[in-house]
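Since the structure comes first, as structure tokens, the remarks are kept for the end.
Read-outs: derived from the displayed coordinates by stated rules, not from any lab. All of these numbers come straight from a predicted model, not from anything done at the bench. Glycine also receives a Cβ, built like all others from the backbone with ideal geometry; neighbour counts cover every protein chain displayed.
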Amino acid sequence: MGILDRFSLVGKTAVVTGAGKGLGQGMALALAEAGADVAIVELDMPAAEETAAEIRKRGRNALTIKADVTIPEEVAALVGSVVQEWGRLDILVNNAGYAQPLSALDMPVQDWDRLLAVDLKGVFLCSKAAAPQMIAQGGGKIINIASMSAFHVNRDAEYCHYNAAKAGVVMLTKSLAVEWARHRITVNSICPGYFRTPGNAVRSDNPAIRAIRVDQGVIKRYGQAYEDLGGAVVYLASDASNFTTGCNLVVDGGYSL
């Protein structure tokens with residue numbers, strides 16, 4: 001098998017949570033272009049259908065599933081739906097999450113609990129639900145989307161709960177990598193830096209925010225979901241990364257340097 005063949009995902013099935021837009025959509029399209037059939041897990045179903053349509057244009061199968069990643073029963077059901085439809089689950093990308101600027105002193109406990117539930121607990125629940133199927137079929141790939149905020153405190157706003165959640169994702173990744181290596185499941189994380197998406201475009205384009213997020217970086221631009229994360233997620237989903245586990249791949253344009 002040639003080196004480029006090892007990056008092929010033909011015959012593989014993938015789940016991407018939060019793939020209706022933004023980073024999740026970009027990664028879902030990259031996986032499809034590499035050959036995978038992709039299930040889009042979303043609460044925003046019109047957005048999920050838009051991503052699914054783009055995947056089908058690329059000649060791959062797509063499945064849309066409405067599920068809340070913080071609810072164990074819904075997570076178990078989404079894994080079951082994928083296996084029922086396609087017979088296997090090879091790749092899980094835990095991307096669902098959100099950020100919320102809010103100071104620690106002003107933060108209601110409910111806001112802390114909700115963000116940690118989505119950004120950290122959801123990663124655990126989805127991984128735990130997918131692992132038995134991956135074990136039964138002889139292995140799989142789990143890719144968790146953390147953030148450079150796991151080790152770098154954002155200075156344009158206050159995000160202590162988000163930073164803590166993403167740091168947790170990185171350590172959860174390492175822990176599961178150790179636990180599940182004997183089952184031929186690799187578990188890795190990607191830490192994106194500042195990316196411009198439709199959801200954060202207004203804030204990102206604010207000159208004062210741009211001065212912090214872009215001008216202080218090494219590569220003087222925002223990241224783009226498909227162009228800058230696509231290669232990273234395909235690598236970690238493919239046979240090219242079979243000897244890579246517990247890795248935290250930073251894709252931040254050199255900002256954290």
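A few points about this structure:
- Within a Gaussian network of the chain (alpha carbon springs, distance under 10 Å), most fluctuating of Val153, Val170, Val202: Val202
- Per residue, the chain reaches -12500 deg cm²/dmol at 222 nm when only DSSP H runs of four or more residues are counted, each adding -39500 (n - 2.57).
- Karplus (6.51, -1.76, 1.60) ³J(HN,Hα), θ = phi - 60°, over region 103-112, in Hz, Gly and Pro reported as x: 6, 4, 5, 9, 7, x, 4, 4, 5, 4
- Label positions at Glu54 and Leu4, each projected 7 Å from the Cα along the C-beta direction, are separated by 2.4 nm.
- Flagged links, alpha-carbon separation over 29 Å, of Lys141/Lys220; Lys66/Lys121; Lys57/Lys166; Lys128/Lys166; Lys66/Lys220: Lys141/Lys220; Lys57/Lys166; Lys66/Lys220
- Square roots of five times the Cα gyration tensor eigenvalues for the chain, Å: 28, 20, 18
- Protection-proxy order for peptides 86-94, 226-234, each taking the mean of Cβ atoms within 10 Å per residue, highest first: 86-94, 226-234
- Each part reduced to its alpha carbon centroid, region 17-36 and region 89-147 end up 17 Å apart.
- Look at Lys121, Lys66 and count the other Cβ atoms within 10 Å of each Cβ; fewest to most, that gives Lys66, Lys121.
- Leu9 long-range amide H proximity, modeled H, under 5 Å: Gly35, Ala36
- Among Met148, Met27, Met45, Met1, sorting on how many other beta-carbon atoms sit within 10 Å of each Cβ, with the fewest leading, yields Met1, Met45, Met148, Met27.
- Only beta bridges with both residues in the chain are counted; by DSSP, about 0 percent of them are antiparallel.
- Put in line by how crowded their Cβ is, counting other Cβ atoms within 10 Å and starting with the fewest, Lys166, Lys128, Lys12 read Lys128, Lys12, Lys166.
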